[in-house]
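What follows is a single structure, written as structure tokens, with notes after it.
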Amino acid sequence: MWRVLFGGLLAGLILIAVPPSAVAQRPDADEDDDDDGPTALSVGNLSSDFTFGGSGGYNYDGSARALMVSGPNGSLMVDYASGLGTGQFDRDTRRTIGAEALFGGNATLFDEFLRLPISVYIPIRINLDYRYLQPRNPDQSNLHRGGAGLGAGGGAQLQLPVGPDFIKDNLYVRGSALLVPAVATTLNGGDDETARTIGDDTPISASRTRMRRTLDLNLEAHFTELIGEDTGIMAGYTFRAYGRSREEPSSVGDVIDAATLSGSYVQTNVQHMIRVGLTW
């Protein structure tokens, strides 16, 4: 199953980096038409508070080095951290590696809003992600956790309407907010099957499949053509909050609960990332 996830993540990177117009050219398209917006490659520190079973051995709180490719149709983030806390265990270090892709399309509501050069749209995204994590106790198996889902939200992109032409033609501000219902599961069966506790001491199994709900907020400012004809700089902020159900999904109603903010969900991960990079 992990091979399928990695294949999906790679496909997501291709879809993010290559706009649809580069794959299929409309016969009646104007060659001078603007594309949907800039693409960026950025780096930063990803701050995570990962809880996987109360005070269990798979928890960590710290920063990871992260790289993100983001575009008008989604994003791909890869992060890596070492030296995570080991508690009372005699372990030199712990490591984690993660990858998360959001890719899809946008249903445009307005190309211009209130006569301003602002595009308002509904982003529709497929979500694939993978997390590898070493436990505090070296006698426990490493965690391999994967998830897949489909979500939607709201987004907008503004091209600054004031100032000299150099600024008006090159300064973009883009933002989106997504709610992504998903199913997450442990990809290897070797981690501790013992019930653990999260938050209010309600038992939660560490290894079983759960419904997951993710809130993804992404803000970016791009100044294109600052370095060269096709290259500029950007700055961005990403926030993600994850929650999972207390029980295994057993019906369509559990899926609907995840999509409608219903049901009892426990927060398991919160991420913040300020990033800078290149845009084109």
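The values are calculated or read from the model by the stated rules, or taken from the named source; none is laboratory data. On a predicted model such as this, the values are computed, not experimentally measured, just so you know. Note that we place each Cβ from the backbone using ideal geometry, even for glycine, and neighbour counts take in every protein chain shown. The accessibility values were calculated without ligands, DNA or RNA, using every heavy atom of the protein model including side chains. Shrake-Rupley method; radii C 1.70, N 1.55, O 1.52, S 1.80 Å.
Tell me, what % of the accessible area of segment 89-141 is carbon and sulfur with a 1.4 angstrom probe?
The C+S portion of the solvent-accessible surface of segment 89-141 is 53 percent.
Once phi is turned into θ = phi - 60°, what whole-Hz ³J(HN,Hα) does the Karplus curve with 6.51, -1.76 and 1.60 give for every residue of segment 125-134, x standing for Gly and Pro?
Rounded to whole hertz, the list is 10, 8, 10, 10, 8, 8, 9, 10, 8, 7.
Name the residue from Ala152, Leu128, Leu116 whose Cα lies farthest towards the positive end of the charge dipole of segment 109-163, charges +1 on Cβ of Lys and Arg and -1 on Cβ of Asp and Glu.
Checked the options; the winner is Leu128.
Can you work out ³J(HN,Hα) from phi for every residue in segment 116-122, in order, using Karplus 6.51 cos²θ - 1.76 cosθ + 1.60 and θ = phi - 60°, giving whole Hz and x for Gly and Pro?
9, x, 10, 9, 10, 8, 10
What FRET efficiency, computed as 1/(1 + (r/R0)^6) with R0 = 25 Å and r the Cβ-Cβ distance, is obtained for Asp111 and Tyr237, rounded to the nearest 0.05?
FRET efficiency, Asp111 to Tyr237: 0.45.
Please work out the Cα center distance from segment 64-143 to segment 144-159, rounded to the nearest Å.
For segment 64-143 versus segment 144-159, the Cα centre distance is 10 Å.
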